[in-house]
Amino acid sequence: MLVTPEQLLAFTAAAMLITLSPGPDNLMVLSQGIARGRRQGMAFGLGCALGCLNHTVLAALGVSALIAASPLAFTLLKFAGGGYLIYLGWQAPRSPGASFQAGAAGRDAAPLAATFRKGLIANAINPKVVLFFLAFLPQFVNPAQGPAGLQIAVLGLIFTLQGALIFGCLGYFSGSIGQWQAKSRRAGQWLDRAAGCVFILLGLKLILDRGH
């Protein structure tokens, strides 16, 4: 058995606490759900969660350690991640605002695949998440249970599944707030602009953060 019940319980509890704590992913999912509705918020949240699979593979293969050890690689990845978030923020206010109507044509009917892809990329190229997985997952590895790489892969998959559940709930309930708030085209436009500001600020923070 690669992961014991004790390992599983301790890891899942820690992972859920970390996922629920305020952070960039939570803010992005909430802002997307409030601005664009339940389905868009859930799609973006699912993309963010599945982006963790990328970090899981990197951590299991030891690539994350190489990135962490290379200031140039880390800086390039940081600028790529921050630039992508700023791009998403710049694009958000450019979409036409409209009132939320569940099941009807409008902003909630935007291509879910595109929203999912945005969440996936935003998480997958975030170097802070790369370093987090490198530091967090090995703490729950027991060498006596088998290959460390396989244990990290299993733990990363568990982290992804609980993240998908929590981010999906965040997207759903934030979408409810958006449906309640957005009663007009003008309100929808302002919600889009607010969501765009969140993405831009997070992107700038990532780029300007001097921490490695």
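The values are calculated or read from the model by the stated rules, or taken from the named source; none is laboratory data. Keep in mind that what you see is a predicted model, and the values were worked out from it rather than measured. Every residue, glycine as well, gets a Cβ built from its backbone with ideal geometry; the counts of neighbours run over all protein chains shown. Just so you know, the surface numbers come from the protein's heavy atoms only, side chains and all, with ligands and any DNA or RNA stripped out. Shrake-Rupley method; radii C 1.70, N 1.55, O 1.52, S 1.80 Å.
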> When you scan the stretch 29-107 for helices (runs of 4 or more DSSP H) that lie fully inside it, which ones turn up with 2 or more residues that are open to solvent by less than 40 Å² (accessible area, probe 1.4 Å), polar (S, T, N, Q) and modelled with pLDDT of 80 or more?
Replying inline: 38-61
>> Just to be sure I understand the filter: pairs with C-beta atoms under 6 Å, separated by 6 or more residues or on different chains, first member in the stretch 2-18 and over 20 Å from residue 165 (Cβ atoms), second member open to solvent by 60 Å² or more (accessible area, probe 1.4 Å). Which pairs pass?
In response: 2/150
> Hey, residue 1 hits all of (1) modelled with pLDDT under 85; (2) open to solvent by 30 Å² or more (accessible area, probe 1.4 Å); (3) outside any loop (DSSP other than H, G, I, E, B); (4) hydrophobic (A, V, I, L, M, F, W, C) but one; which does it fall short on?
Replying inline: (3)
